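The values are calculated or read from the model by the stated rules, or taken from the named source; none is laboratory data. Remember, predicted model here, so these are calculated numbers, not experimental data. Here Cβ is always computed from backbone atoms with ideal geometry, including for glycine, and neighbour counts include all displayed protein chains.
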């Protein structure tokens with residue numbers, strides 16, 4: 001009778017291999033254990049807080065509650081508030097995404113605006129504060145009168161004739177003038193001072209105050225005299241010399257006070 005002889009060693013080795021494979025196979029935990037482990041480690045709480053934070057951030061950034069609804073304008077006189085609001089379109093924009101300096105830049109390019117500031121207030125308000133350029137003199141060039149502020153910035157052509165007591169500087173060079181251009185600020189300062197000092201301190205009423213590219217500021221009197229001051233430096237010396245000549249009764253039709261030794265002449269032939 002034939003039978004298979006038992007091979008104990010082979011069977012034991014095979015069994016050990018099966019047990020070894022079973023012991024190294026990964027153990028998959030159940031859902032209860034995973035829930036408990038997530039709560040214990042804080043991963044679930046962190047995930048919930050992250051989702052809530054993202055939702056709140058999206059709401060704050062894009063909700064209509066935080067979009068600009070009200071725009072307040074302060075300091076506008078020459079410009080209408082509607083014109084300012086149109087130049088700075090803020091309504092409907094998310095308040096968090098507005099750059100104040102960039103938003104206000106179009107206003108600063110206007111010849112009417114000297115300074116401008118934008119402030120934002122939660123949840124939906126914007127406030128624009130402007131300082132307008134105030135007309136101080138009239139600058140006449142090529143027969144056109146322009147409104148000019150104290151710093152010499154051209155605002156716009158005048159729509160009405162200058163009042164009788166207004167300071168008008170006549171530009172005999174007839175250079176082109178445009179809004180927002182800055183004129184000679186020293187000439188404007190000197191002309192303003194002469195308009196006050198000559199009649200009140202010296203008793204000389206100017207018939208015209210002018211400016212020329214080559215001469216600077218000059219004054220014409222009712223007696224057809226032309227007095228050249230140039231620029232504002234050494235004004236006290238120039239006025240002292242003028243007072244001396246007027247007091248001494250010196251006749252002149254042209255007086256140039258710019259040199260250290262002033263030049264004057266008296267022509268009666270009608271030539272300048």
State all residues of the range 251-266 that are more than 15 Å from residue 220 (Cα to Cα) and surrounded by fewer than 12 Cβ atoms within 10 Å (Cβ to Cβ); if no residue qualifies, say none.
-> 259, 260, 261
Selected residue [in contact (Cβ under 8 Å) with a residue 24 or more places away in the chain, under 19 Å from residue 167 (Cβ atoms) and assigned by TED's automatic domain parsing to the domain that holds residue 144] from 220, 258, 231 = 231
Check on residue 157, closer than 18 Å to residue 175 by Cβ and not assigned by TED's automatic domain parsing to the domain that holds residue 74 | yes
Looking at the range 108-124, is at least one residue assigned to a helix (DSSP H, G or I), without any contact (Cβ under 8 Å) to a residue 60 or more places away in the chain and under 30 Å from residue 183 (Cα atoms)?
-> yes
Taking the range 155-180 as the search range and keeping residues that are free of Cβ contacts under 8 Å to residues at least 12 places away in the same chain and within 17 Å of residue 142 (Cα to Cα), which one is nearest to the chain's Cα centre (by Cα)?
-> 159
Does the range 177-192 include one or more residues that are in contact with a helix residue (DSSP H, G or I) (Cβ under 8 Å, 6 or more places away or on another chain), modelled with pLDDT of 95 or more, over 27 Å from residue 155 (Cα atoms) and surrounded by 15 or more Cβ atoms within 10 Å (Cβ to Cβ)?
-> no
Residue in the range 72-85 that is part of a strand (DSSP E or B) and within 30 Å of residue 189 (Cα to Cα) present = yes
Where in the range 217-272 are there strands (runs of 3 or more DSSP E), lying fully within it, with 2 or more residues that are within 43 Å of the chain's Cα centre (by Cα) and closer than 21 Å to residue 207 by Cβ?
-> 226-230
Of the residues that make up the range 136-152, is at least one more than 21 Å from the chain's Cα centre (by Cα), crowded, with 18+ Cβ neighbours inside 10 Å and free of Cβ contacts under 8 Å to residues at least 24 places away in the same chain?
-> yes
Keeping to the range 200-216, report how many residues are at pLDDT 95 or above and either within 21 Å of residue 157 (Cβ to Cβ) or part of a helix (DSSP H, G or I) (or both).
-> 4
Out of curiosity, is residue 95 farther than 30 Å from residue 146 by Cβ, surrounded by 13 or more Cβ atoms within 10 Å (Cβ to Cβ) and either modelled with pLDDT of 85 or more or more than 20 Å from the chain's Cα centre (by Cα) (or both)?
-> yes
Tell me which residues, restricted to the range 121-131, are surrounded by 14 or more Cβ atoms within 10 Å (Cβ to Cβ) and at pLDDT 90 or above.
-> 125, 126, 127, 128, 129, 130
